[in-house]
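Have a look at the structure below, then the notes.
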Amino acid sequence: MNNSVTNTARLLWAGLRALLVLTVVTGVIYPLAITGVAQGLFNDKANGSEIKSNGQVVGSSLIGQAYNLPVKDDETPEPDLKWFQGRPQNGLGTNSVNTQYSLILSGATNRSGDNGAVDGVCPPLGKVEASTLCYWVESAKAAVIKDNSVPGYTVKASDVPADAVTSSGSGLDPAISPDYADIQVHRVAEKNNLPVAEVQKLVDEHTDGRTLGFIGEPTVNVLELNIALKELVAKN
């Protein structure tokens, strides 16, 4: 009996010591070491890839934002056309934390590429169901053409790139293609009383090339571009 109690106590003490050691190593030392390495070598990424304007954090370079006019009650948000617009955020819903953004919920539209299509072609808006991907795409295309066509510059249907009318897999894509940014230049210039050439220069300066020169496509971070636009407007 005594040997049994002694062995049990010895095993419990060994288990307790292992628990204490592993707790210190994996719960204290390891997290502190990883945090130190991350802060020292990857400070920006470790802190969420924050973007600052006038010393204030205004967002992350990894998460898209909506640039809409203020809404009341259950009104559908309308884009604030003085800013460059990002990709559609279909299927994300809204949140009660900040009604100007739909960033709490992440997800895709869960519609197939031919959802609503007839013989592989999307019907005109009046002949397609409102819950289909075809309706969303055609509605978005019509809005892009209408919003970005200004006196002296008309957007054609063939000018509208895919990212202007479709959301990304997460719905939170922070970037748009240079083509989509380009067709917004004239509208943004007019709304802000700026020369078209200066706004186009902003787009060119904020266009990032392919990763390592061959991976992916060129992109324009919408938040960074709009911060630069705000600074340009302040100077004029």
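Worth a mention:
- For segment 30-55, filtering for residues that are closer than 22 Å to Glu231 by Cβ and either part of a strand (DSSP E or B) or modelled with pLDDT of 90 or more (or both) leaves 4.
- The set of residues in segment 205-230 that are more than 17 Å from the chain's Cα centre (by Cα) and in contact (Cβ under 8 Å) with a residue 24 or more places away in the chain comprises Ala228, Leu229, Lys230.
- Residues in segment 195-218 that are in a helix (DSSP H, G or I) and closer than 17 Å to Asp163 by Cα: 1 in all.
- Complete set of residues in segment 122-147 that are over 14 Å from Glu78 (Cα atoms) and in contact with a helix residue (DSSP H, G or I) (Cβ under 8 Å, 6 or more places away or on another chain): Cys122, Pro123, Pro124, Leu125, Val128, Glu129, Tyr135, Glu138, Lys141, Ala142, Ile145
- Restricting attention to segment 118-133, the residues that are assigned to a loop (DSSP other than H, G, I, E, B) and either β-branched (Val, Ile, Thr) or outside the structural domain of Ala164 (by TED's automatic domain parsing) (or both) total 2.
- Unmet criterion (only one of (1) at pLDDT 95 or above; (2) under 19 Å from the mean Cα position of the chain (by Cα)) for Ser170: (1)
- Number of the exception - Ala108 against (1) at pLDDT 70 or above; (2) outside any helix (DSSP H, G or I): (1)
- Qualifying residue in segment 66-78 (condition: modelled with pLDDT of 85 or more, surrounded by 16 or more Cβ atoms within 10 Å (Cβ to Cβ) and either polar (S, T, N, Q) or farther than 21 Å from Ser170 by Cα (or both)): no
- Matching entry among Ala181, Ala164 (being at pLDDT below 95, under 19 Å from Tyr67 (Cα atoms), aliphatic (A, V, I, L, M) and crowded, with 20+ Cβ neighbours inside 10 Å): Ala164
- Look at segment 114-134: where a residue is more than 14 Å from Thr166 (Cβ to Cβ) and a partner is among the small types (Gly, Ala, Ser) and surrounded by 11 or more Cβ atoms within 10 Å (Cβ to Cβ), sitting 6+ places away or on another chain with Cβ atoms under 8 Å, you get Pro123/Gly116; Pro123/Ala117; Leu125/Ser139; Leu125/Ala142; Val128/Gly116; Glu129/Gly116.
The values are calculated or read from the model by the stated rules, or taken from the named source; none is laboratory data. All of these numbers come straight from a predicted model, not from anything done at the bench. We place every Cβ from the backbone using ideal geometry, glycine too, and count neighbours over all the protein chains shown.
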